[in-house]
Amino acid sequence: MKDLRIWGLKKSPWVYHLAAASCNNCDIEILELLTPRYDVERFGAVLVGSPRHADALLVTGVINRKSLPRVLEVYEQTPKPCLVIAIGTCACNNHIFRNSYNAVGPYDKYIPVHAYIPGCPPKPEAMILGIVKALSKL
Amino acid sequence: MSFWMSGWRLVIAFIGTVIIVPIAGLILTWVDRFVSARVQWRKGPPFYQPFADILKLLLKQTVVPGGAARTVFLFAPLVAMASMSVVALMLFFSHFGLVINQRTSFLGDIIVLLYLFALVPIAFIVGASASRNPVAAVGASREMTLYIGYELPFVLAILVPIVKVVQKWDVASALRIGGLIAYQQQYGPFLYSISGIIAGIIILFVIQAKLGYVPFDIPEAEQEIMSGVLVEYSGAPLAGFKITRAMMFVLLPIFMITLLWGGIGDWWAILKFLAIVVLVVLMKNTNPRLRVDQALTFFWFILGPLGIIAVVLAFIGL
């Protein structure tokens, strides 16, 4: 039963794109994943519109006092098991905003993060590699 | 002998309902996704993709939103799936039973089919309204508008074969699927006449709208209202709705073939079925989404008059 569950999760990771105050650069690169050049639907990954359908949250951007409660709420709305993948250096370790009064730290202070993909923005190949590594860790 | 024959046919119909139709529907969903990927110059998902999706959803946590009407919320997908199963049973019975005698389909079953197909959008509307989500409420209202839109031309298109049979035979054989099939076996399919072609075009558009495919995917527009009616569904209930859609993808083309194109009794039916599916998928891939008022205008003021013309032509005998 557990094997079946993990097989299903590995073969159809539906991703929800959670943009929490990013500069939109990572978001554009995420959308690049769906284009014919990279086509992540080969692996069953689909971009879904609602966190209720999601298996993986792709979080981008530096987390701040305004966006923290929203991010936590979306994380709680997602049915478990769900992966959290931090995309971009901002999401991994606050990047150039680390001394900002408003930045309240990287995501792993608040929610478990399964993969870190650094880069500003990361290349789509790097994102695919990160998602594959996070899935193979299940 | 004939008792055992009918017994075997009953078993076949039951298996067809419970096992084969959802599986065939999921395979068709893959065909749809694969063809869409090819049209967009992508590689596309592997063939087991819909099965992996359903398996994952069935084994995942189901979240019921706080404040939702819990029972109604969880029963809506069951109602939709059950109605589609009954439709499958009736369609298969009327075909496989026809070989034994003409009376296996009962009087008025075409009207029952009409209402069973209508149960699916009603289940979507009720489930979305029970979820206490504003976005789902918008989706439900759009689903309602769209349903009101496409039901009028759908009924008019169904009237065309009924009128034709009433003129040659009687009302009792016109209002049952077995009678329609028997008529087509004797006089040729309805589709090969002017009114039949118009009815066929109308039913193609209605299939597109009932499946929620792209020109008419207004209730679950992913970009504007976050998959609309399904926004609060997760886990097994979502899988139920996906399976319902997959079953509809099989049953609606079969219904159209039964109604207008000679029934699914012979091997040609497979080619006819594939032709309808390909048309639906291509229409899905080459059109942008309409607004809900545009869709309503299209169904009421373009397809509606066309349907009336088709019924009048059928009365004249064309």
Note on A:Thr35: of the conditions (1) free of Cβ contacts under 8 Å to residues at least 60 places away in the same chain; (2) away from chain B (no Cβ under 13 Å), unmet is (2)
Hits in region A:6-31 - residues which are in contact (Cβ under 8 Å) with a residue 40 or more places away in the chain, out of contact with any Ser or Thr (no Cβ under 9 Å at 6 or more places or on another chain) and closer than 22 Å to A:Leu138 by Cα: A:Ile6, A:Leu9, A:Ser12, A:Pro13, A:Trp14, A:Val15
Can you tell me which residue among B:Phe73, B:Phe47 is over 20 Å from B:Val18 (Cα atoms) and in contact with a Phe, Trp or Tyr (Cβ under 7 Å, 6 or more places away or on another chain)? B:Phe47
Take the residues of region B:28-73 that are in contact (Cβ under 8 Å) with a residue 60 or more places away in the chain, among the hydroxyl-bearing types (Ser, Thr, Tyr) and in a helix (DSSP H, G or I): which is surrounded by the fewest Cβ atoms within 10 Å (Cβ to Cβ)? B:Ser36
Hey, which of the helices (runs of 4 or more DSSP H) in region B:74-188, taking only ones fully inside, have at least 2 residues that are over 30 Å from B:Ile54 (Cβ atoms) and at pLDDT below 85? B:171-174, B:177-187
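Among the candidates A:Val46, A:Val104, which residue alone is β-branched (Val, Ile, Thr) and closer than 25 Å to B:Gly228 by Cβ?
Values: A:Val104 fails: closer than 25 Å to B:Gly228 by Cβ.
A:Val46 is the lone residue from the list that is β-branched (Val, Ile, Thr) and closer than 25 Å to B:Gly228 by Cβ.
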Condition (residue is under 22 Å from A:Ser12 (Cα atoms), surrounded by fewer than 24 Cβ atoms within 10 Å (Cβ to Cβ), under 17 Å from the mean Cα position of the chain (by Cα) and not aliphatic (A, V, I, L, M)) applied to region B:242-251: is it met by at least one residue? yes
Yes or no: region A:46-69 includes at least one residue that is within 14 Å of chain B (Cβ to nearest Cβ) and either in contact with a His (Cβ under 7 Å, 6 or more places away or on another chain) or of a type in the set (Asp, Glu) (or both). yes
Tally, over region B:132-157, of residues that are surrounded by fewer than 23 Cβ atoms within 10 Å (Cβ to Cβ), closer than 24 Å to B:Phe315 by Cα and in contact (Cβ under 8 Å) with a residue 40 or more places away in the chain: 3
When region A:22-37 is examined, which residues are found to be surrounded by 19 or more Cβ atoms within 10 Å (Cβ to Cβ) and either at positive phi or touching a His at 6+ places or on another chain (Cβ under 9 Å) (or both)? A:Asp27, A:Ile30
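The values are calculated or read from the model by the stated rules, or taken from the named source; none is laboratory data. None of the values given here were measured: they were computed from a predicted structure. Glycine also receives a Cβ, built like all others from the backbone with ideal geometry; neighbour counts cover every protein chain displayed.
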